[in-house]
């Protein structure tokens, strides 16, 4: 079974989605390519969503650390 090399970066996946959107708007995707490209888009959307969620959690943690710093100096 072939294992796909999936890029986990938000930027790379967002660029894939932008490219697909452009190709769809320009009617540059054949019917034969449509389903595989939509599956690829779905994977990219899931990765972007995961990265955003992880970033939100990390930013909340950093924000809490800043709050702790401010309260310990009072």
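The numbers here are math on the coordinates, done by the rules we state, and not lab data. The model shown is predicted, which means the values in this text are computed figures rather than measured ones.
What the table below lists for this structure:
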read-out: Helix axis angle, 10-25 relative to the chain longest principal axis, alpha carbon, degrees; value: 40 degrees
read-out: Over the chain, relative contact order from alpha-carbon pairs under 8 Å, at least 6 apart, %; value: 41 percent
read-out: Three-way shape label, segment 1-59, alpha-carbon gyration tensor, a/c 1.5; value: oblate
read-out: Mean ellipticity per residue at 222 nm, deg cm²/dmol - from DSSP H runs of n ≥ 4 across the chain, formula -39500 (n - 2.57); value: -28000 deg cm²/dmol
